[in-house]
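What follows is a single structure, written as structure tokens, with notes after it.
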Amino acid sequence: MLLLVSGASGVGKTTARLRARASLDDTFEDAELFTFGPIPPVPTIAWRQHQVEVAVRRALALSTEGRHLLLAGDPIPAGEVLAAPSADEVDVAVCLLDADEEAQSTRLDARHDPMEIRHLHHGFAAWLRAHATDPGHVPEAITHDGWSEMRWERWTGRAPGPEWSMTVIDTSDLDPSAVGARIVHWCHAAVAGEAPVFRAGWHQAAQ
């Protein structure tokens, strides 16, 4: 299974992965996109989506061993993983880490993130919040200038429905240890079928 922790900058994705890693056994491998190759000087949407496919293929390889990939750290929306060419062959669970604007800004301030792009981080967080429940919400936010091999037709144009479901954790008032513990619990729940999972071929069964 591919376990995606999604979220905008400042919500705690990388910290959650590092905290969770210490509590997960070796049936779980954790990664960020840089794990699969160097980040270019100017990362593009198309580059990110190609790297997502590399991660999906790694999850597929792990699945043959009964293992799982926890992908957390990069601002990867659920729709990008689900549209990756090979994603139709693997189960995908998605957890969106969210935070209110005040908490997100406080964390971005702590890492000296430029104020002139703060509105972009807030806007992307708002888009991800909507994307978690509605696949039809401004899909061009990630399809425009995307990688040509992506299979957007799996979910673009869909109305909200029970097949489009993921876990959302509000990290606004949680410390890093608490977020890490929530991610560990979610990983185990998803693998056990006790949290939302996009099963391989989900888009065909839902049509």
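The values are calculated or read from the model by the stated rules, or taken from the named source; none is laboratory data. Note that the structure is a prediction, hence the values are computed from the model and not measured. Cβ sites come from the backbone with ideal geometry, for glycine too, and all protein chains shown count toward neighbours. All accessible areas refer to the heavy atoms of the entire protein, side chains included, with ligands and DNA or RNA removed. Shrake-Rupley method; radii C 1.70, N 1.55, O 1.52, S 1.80 Å.
Suppose R0 equals 30 Å; then what is the FRET efficiency for residue 188 and residue 163 from their Cβ-Cβ distance, rounded to the nearest 0.05?
It comes to 0.85.
Send over a whole-number figure in Å² for the accessible area per residue of region 54-93, probe 1.4 Å.
About 29 Å² of surface per residue is accessible.
Based on the alpha-carbon gyration tensor of region 113-207 and its eigenvalue square roots a ≥ b ≥ c, which shape applies: rounded if a/c is under 1.5, prolate if not and a/b is larger than b/c, or oblate?
Judged from the Cα gyration tensor, region 113-207 comes out oblate (a/c at least 1.5, b/c at or above a/b).
Tabulate in residue order the Karplus-calculated ³J(HN,Hα) for region 106-121, using 6.51 cos²θ - 1.76 cosθ + 1.60 with θ = phi - 60°, rounded to whole Hz; enter x for Gly and Pro.
Karplus values, whole Hz, x for Gly and Pro: 4, 6, 5, 4, 5, 9, 6, 5, x, 5, 5, 10, 4, 4, 5, 5.
In whole Hz, with x marking every Gly and Pro, tabulate ³J(HN,Hα) for region 96-105 from phi via Karplus 6.51 cos²θ - 1.76 cosθ + 1.60, θ = phi - 60°.
8, 8, 10, 7, 6, 4, 5, 5, 4, 5
How much net charge surrounds residue 144 when only the other residues with a Cβ under 15 Å from the Cβ of residue 144 are counted, with Lys and Arg +1 and Asp and Glu -1?
Charge balance in the 15 Å sphere: -2.
Quick check: at a probe of 1.4 Å, how many percent of the accessible area of the chain sits on carbon and sulfur atoms?
Carbon and sulfur together cover 53 percent of it.
Can you tell me the dipole magnitude for the chain around its Cα centre, using point charges on the Cβ only (Lys, Arg +1; Asp, Glu -1), in Debye to the nearest 20?
240 debye
Kindly provide the helix-only [θ] at 222 nm of the chain, computed as the sum of -39,500 (n - 2.57) over DSSP H runs of four or more divided by all residues, to the nearest 500 deg cm²/dmol?
Per the formula, -11500 deg cm²/dmol.
Using only the Cα atoms of the chain, each taken as one equal point scatterer with no solvent, compute I(q) by the Debye sum, divide by I(0), and report log10 of the ratio at q = 0.10, 0.12, 0.13, 0.16 Å⁻¹.
Here log10 of I(q) over I(0) equals -0.39, -0.57, -0.68, -1.07.
Non-local amide H neighbours of residue 70 (under 5 Å, H modeled in plane, Pro and chain starts lacking H): which ones?
3, 29, 30, 31
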